[in-house]
Amino acid sequence: MTQLDALVETCHWIGHKGWAPATGGNMSVREDARWCWLSESGRDKGSLTRDDFLQVEIATGRVPSGRKPSAETGLHTLIYRLFPEAHAVLHVHTVNATVLSRLESAPVLRLQGYEMQKSLAGQQTHLDAVDIPLFDNDQDIDALAQRIAHYAEAAPLRYGFLLRGHGLTCWGRDVNEARRHLEGLEFLFECELRLRLLERK
């Protein structure tokens with residue numbers, strides 16, 4: 001199975017989970033140092049095929065086919081430029097990620113004490129802290145990408161980030177790792193959200 005085929009299968013899984021409702025979300029896979037394949041805008045993620053992915057130039061965001069790529073194309077290409085080891089990017093609109101991103105006022109969401117932190121590459125113990133950066137949402141994707149790139153110059157940016165009121169973007173060294181990071185983070189977000197709600201009572 002190619003990485004693009006694995007991504008199509010993962011998109012169907014995401015759609016079944018309800019994590020990319022109303023054609024929301026976007027997913028991509030790196031082809032090589034120059035190109036990636038990115039989901040076309042306005043497509044239902046639960047029924048994507050290989051034909052629904054567009055070849056995009058990582059350095060420029062250029063789409064040779066002339067078809068319309070995802071609105072967040074600039075975030076996918078940014079991740080591939082920042083992290084040469086990243087080969088798959090998943091952007092979803094889950095309820096847990098969206099709500100938690102609005103509850104957390106700090107610039108990072110700190111996760112600590114959860115055994116499932118070990119679903120994230122390199123995490124060995126629940127005692128470590130995992131910081132997931134939060135960025136204010138922006139319809140100007142180029143400006144948003146610049147803010148994220150500036151953050152990455154000064155602080156670690158691993159696994160993914162949250163956009164307030166928008167959702168989660170995460171990545172991995174291949175589709176399987178990106179999928180594992182997505183599922184692990186979504187579980188951690190749900191635990192953290194439930195814990196905060198219970199503590200408010």
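The values are calculated or read from the model by the stated rules, or taken from the named source; none is laboratory data. Predicted model, so just to flag it, every value in this text is computed and none were measured. A quick note on method: Cβ atoms are made from the backbone with ideal geometry, for glycine too, and the neighbour counts reach across all protein chains shown. The area values use the complete protein model at the heavy-atom level, side chains included, leaving out ligands, DNA and RNA. Shrake-Rupley method; radii C 1.70, N 1.55, O 1.52, S 1.80 Å.
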Item to check | Hits in segment 92-134 (condition: polar (S, T, N, Q), out of contact with any strand residue (DSSP E or B) (no Cβ under 6 Å at 6 or more places or on another chain), open to solvent by less than 20 Å² (accessible area, probe 1.4 Å) and in a helix (DSSP H, G or I)) | outcome: Ser119
Checklist outcome for this item: Taking segment 59-91 and the residues there that are in contact with a Ser or Thr (Cβ under 9 Å, 6 or more places away or on another chain) and under 27 Å from Glu192 (Cβ atoms), the one that is surrounded by the fewest Cβ atoms within 10 Å (Cβ to Cβ) would be Leu75
Item to check | Neighbours by Cβ (under 6 Å, 6+ apart or cross-chain): first from segment 52-73, among the acidic types (Asp, Glu); second open to solvent by 70 Å² or more (accessible area, probe 1.4 Å) | outcome: Asp52/Arg43
Item to check | Qualifying residues in segment 9-24 (those that are on the phi > 0 side of the Ramachandran plot and among the small types (Gly, Ala, Ser)) - the one surrounded by the fewest Cβ atoms within 10 Å (Cβ to Cβ) | outcome: Ala22
Checklist outcome for this item: Arg43: passes all of (1) assigned to a loop (DSSP other than H, G, I, E, B); (2) under 19 Å from Cys170 (Cα atoms); (3) open to solvent by 20 Å² or more (accessible area, probe 1.4 Å) but (2)
Checklist entry - When Thr169 is evaluated against the numbered criteria (1) part of a helix (DSSP H, G or I); (2) of a type outside the set (D, E, K, R); (3) surrounded by 14 or more Cβ atoms within 10 Å (Cβ to Cβ), which criterion, by number, is the only one it fails? => result (1)
Checklist outcome for this item: Going through segment 157-201 in order, the residues found to be touching a residue at least 40 places away in the same chain (Cβ under 8 Å) and acidic (Asp, Glu) are Asp174, Glu177, Glu183, Glu186, Glu190, Glu192
